[in-house]
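Chemist: Structure provided below as structure tokens; questions to follow.
Nothing in this text is a laboratory measurement; each read-out follows from the coordinates by a stated rule. Note that the structure is predicted; figures quoted are calculated from it, not measured. A quick note on method: Cβ atoms are made from the backbone with ideal geometry, for glycine too, and the neighbour counts reach across all protein chains shown.
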């Protein structure tokens, strides 16, 4: 039997999107054309493959068994073809979509953009929100080049690279009436706090760290981005517990004082994840290398 290899990307896209409309849009074809391709797939593989449900489609057991095999086969084809291509960052013109969480966007992406401006001015970035679900970022479907943040329980279709471990410090206003050169455990528990809501997994990480240490915290206000914290802290007697690189940046604000946490709150990981199909794409591979280099430079210990 001869197989139409053009049907394989249709199968993979349906597996990743679990929605006929989105799959057709991503493939750049009409829904009737996709339905026709799916009918041919069903005939070839002798299985329904996908069952319609209220909010989309769900794969059958046969489809679930075939998915990793077909995905890997397409990735190998991409590797063989893309591996033969040269990439010149200085001359390249390309738009890449990245999904950083709010911490990465604030603490790391400005340095990444500055480096791109120097060595690859034709490469443009579009930053898309990183929610609590990796699916929302587009990285699982491959429409987004990569996700940057804390990657927990990634699917087999993603490659994950650890970039760094980040610690936590405290921020109070410079003329705080109770806190001077250090913040004690009693002071920490007695103060009211500003909490950054997203990203959800990092929030859980901080709450878990506080729980492990038996450290209590009364949250007076929750904000949606790190940018709001310095203004909140500067005009109140509140405290905020923030990632160390963000605190390093806020240390230049004369209204604020950066202090170590009263107990060791540990660290949280910062990861980079991308779809297996981009494993050997020259532009993606080059950008991943650049991001890794920039992060290592930023995260390096500062001279005393």
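Chemist: Within the stretch 113-130, list the residues whose amide N lies under 16 Å from a label point set 7 Å along Cα→Cβ of residue 91.
Modeler: 120-123
Chemist: To continue, here is another question. Per DSSP H run of n ≥ 4, the term is -39500 (n - 2.57); total these for the chain, divide by its residue number, and report the mean residue ellipticity at 222 nm rounded to 500 deg cm²/dmol.
Modeler: -12500 deg cm²/dmol
Chemist: Could you give the nm distance between label points at residue 174 and residue 160, where each point is 7 Å from its Cα heading toward the beta carbon?
Modeler: Placing both labels 7 Å along Cα→Cβ, they lie 4.1 nm apart.
Chemist: Right, something else. Against the empirical 2.2 N^0.38 Å scaling, what ratio does the C-alpha Rg of the stretch 168-266 come to?
Modeler: Normalised by 2.2 N^0.38 Å, the Cα Rg of the stretch 168-266 equals 0.96.
Chemist: Still on this structure, I have one more. In angstroms, what radius of gyration and Dmax does the stretch 7-82 have, counting Cα atoms only?
Modeler: Taking only Cα atoms of the stretch 7-82, I get Rg and Dmax of 12.2, 39 Å.
Chemist: Something else now. Go ahead and set up a Gaussian network model of the chain, Cα springs under 10 Å, then flag whichever of 92, 73, 33 fluctuates most.
Modeler: 33
Chemist: How do 267-277, 37-47 rank on mean C-beta neighbours within 10 Å, highest first?
Modeler: Ranking, from highest mean packing down: 267-277, 37-47.
Chemist: At residue 69 and residue 297, where each label point lies 7 Å from the Cα along Cα→Cβ, what is the point-to-point distance in nanometres?
Modeler: Each label point is offset 7 Å from its Cα along the Cβ direction, giving 4.7 nm.
Chemist: Next question, about the same structure. Quick one: which of 163-171, 22-30, 8-16, 97-105 comes out on top by average Cβ neighbours within 10 Å, and what's the full order, highest first?
Modeler: 97-105, 8-16, 163-171, 22-30
Chemist: If you don't mind, another one. Distances over 23 Å make up what percent of all Cα-Cα pairs in the stretch 1-154?
Modeler: The answer is 50 percent, as a whole percent.
Chemist: Evaluate 2.2 N^0.38 Å with N set to the residue count of the chain, then give the Cα radius of gyration divided by it.
Modeler: Its radius of gyration relative to the 2.2 N^0.38 Å reference: 1.22.
Chemist: Taking only the C-alpha atoms, wrap a convex hull around the stretch 105-144 and report its volume per residue in Å³ as a whole number.
Modeler: Spelled out: Cα convex hull of the stretch 105-144, divided by residues, is 75 Å³.
Chemist: Given R₀ = 30 Å, what would the calculated FRET efficiency be for residue 124 paired with residue 77, taking r from the Cβ atoms and rounding to 0.05?
Modeler: 0.60
Chemist: Quickly work out the residue 218-to-residue 33 label distance, labels modelled 7 Å from Cα along the C-beta direction, and quote it in nm with one decimal.
Modeler: My value for the distance between the label points is 6.3 nm.
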